[in-house]
Amino acid sequence: MNVARINCAHDDASIWLQMIQEVRKSSRECKLPCKIYMDLAGPKIRTDLSNHENGKLKVTEGEIIYLHEKNIPDKKKKKNIICSHKGIVAQLRKNNMVMFDDGIIEAIVKNVTGGYAELQITRVPDKKASIKPEKGLNFPDAQFNITPITLYDKEVLPFVKKYADIVGCSFIRSAKDVQKFQKLMHNGTLQKPLLVYKIETTEAVLNLPEILLQGLTEQNFGVMIARGDLAVEIGFERMSEIQEEILWICEAAHTPVIWATQVLENLNKTGMATRSEITDAFRSSQAECVMLNKGDYILEALTALNDILTRSGGHHIKKRSTFRPLKIAEHFFQTNK
């Protein structure tokens, strides 16, 4: 491990400090450098079901539900959900898509009026589908006027500036957002932490050239392909294509890339890898950095990833094939001499 990531959306400063101290202690003992990367939380757009006694809302395909910005008691609209972030509902438009829980449940906006949006469920995973609290909300084709820097981000900023070598900037959508982070992070700071801009929305993908140009106004910066939210935003079937385009344009801009989200996820959680995730991990060698999440089998996942990246490194220098001698061909010629 070269970088330890701390997600500021979870825990608090006392826990983060313990993590940092443990990482630095281990780094000294092993004589291996390890940077501290801290992700700013950004705007948290989540489901709030505090108005439901059982804590979740069962939904079926074709059903009408209501998305509010605050709890509005209405006996006619028992199927209602509160959006945790103020200002979202008012900016929705008819026919906008709404995705719940990493895109598991899909809906479309039928109408927006009176402080709430009327949604029709268009896809559910099974007949027992439920919308649960504190799950992510995505709006792939909607455009919002939302600042990527929240009051909470500003509150934790002194700690982040003091301890982080690298700072992850969430919810980036345009060059203007990049400027905001540059000004916020580097204002009055002698030691400037390096910034990583997380590409996790459709707007960020469309505006990537201008994001890179603004990033290049500083000597060093990076990009993260945040594949969790990004796949929901652009559609799972386009994820492979889009991440390839991001890698290519970042290489043209001499910008390092972090390949993130669900790398060797099954191995990390259960101890057994799927065939598809091994192939995915192999493709991750095209980036400069690969991120693993926490899990009960993290050491096994690290070992496997290291082995995969070492092997794939002989075949590729990033996206350029090396055309080294192939073991399959060698074996064929040896057995047929």
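The values are calculated or read from the model by the stated rules, or taken from the named source; none is laboratory data. Predicted, not measured: the structure shown is a model, and the values here were computed from it. Note that each Cβ is placed from the backbone with ideal geometry, even for glycine, and that neighbours are counted across all protein chains shown. Keep in mind that these areas ignore ligands, DNA and RNA; they rest on the heavy atoms of the full protein, side chains included. Shrake-Rupley method; radii C 1.70, N 1.55, O 1.52, S 1.80 Å.
Checking the Cα-Cα distances for LYS132/LYS176; LYS128/LYS198; LYS135/LYS176; LYS78/LYS154 against a 30 Å cut-off, the pairs over it are LYS132/LYS176; LYS128/LYS198; LYS78/LYS154. Can you bin the range 93-169 into rounded, prolate or oblate? Criterion: square roots of the alpha carbon gyration tensor eigenvalues sorted a ≥ b ≥ c, rounded for a/c under 1.5, prolate for a/b above b/c, oblate for the rest. Prolate shape, in that a/c is at least 1.5 and a/b is the bigger ratio.
Pairs of Cα atoms nearer than 8 Å and 6+ residues apart set the relative contact order; for the range 1-102 it is 24 percent. Across the range 177-318, the relative contact order, built from alpha-carbon pairs under 8 Å that are at least six residues apart, equals 19 percent. In the range 126-141, whose amide N lies under 20 Å from the spot 7 Å out along Cα-to-Cβ of LYS44? List them in ranges. Residues passing the 20 Å test: 131-139. The relative contact order of the range 174-232 comes to 45 percent, based on Cα pairs under 8 Å that sit 6 or more residues apart.
Using the Cβ-Cβ distance between LYS110 and ALA142 with R0 = 25 Å, the FRET efficiency computed as 1/(1 + (r/R0)^6) comes to roughly 0.95. Rolling a 1.4 angstrom probe over the chain with all protein chains present gives an accessible area of which 54% lies on carbon and sulfur atoms. Build a GNM of the chain with springs between Cα atoms under 10 Å apart, and of ARG173, ARG275, ARG283 the one that fluctuates most is ARG275. Per-peptide packing, taken as the mean over residues of other Cβ atoms within 10 Å, places 254-263, 151-160, 113-122 in the sequence 254-263, 113-122, 151-160 from highest down. Rounded to the nearest 20, the size of the Cβ-charge dipole of the chain about its Cα centre is 240 debye, with Lys and Arg at +1 and Asp and Glu at -1.
For the range 1-126, the solvent-accessible area works out to 57 Å² per residue, with a probe of 1.4 Å and every protein chain left in place.
Using a Gaussian network model of the chain in which every pair of alpha carbons under 10 angstrom is joined by a spring, one finds that among LYS176, LYS58, LYS31 the greatest mean-square fluctuation is at LYS31. Think of the chain as having a plus end and a minus end, set by charges on the Cβ of Lys, Arg, Asp and Glu; of SER50, GLN179, ILE249, SER50 sits farthest toward the positive end of this dipole.
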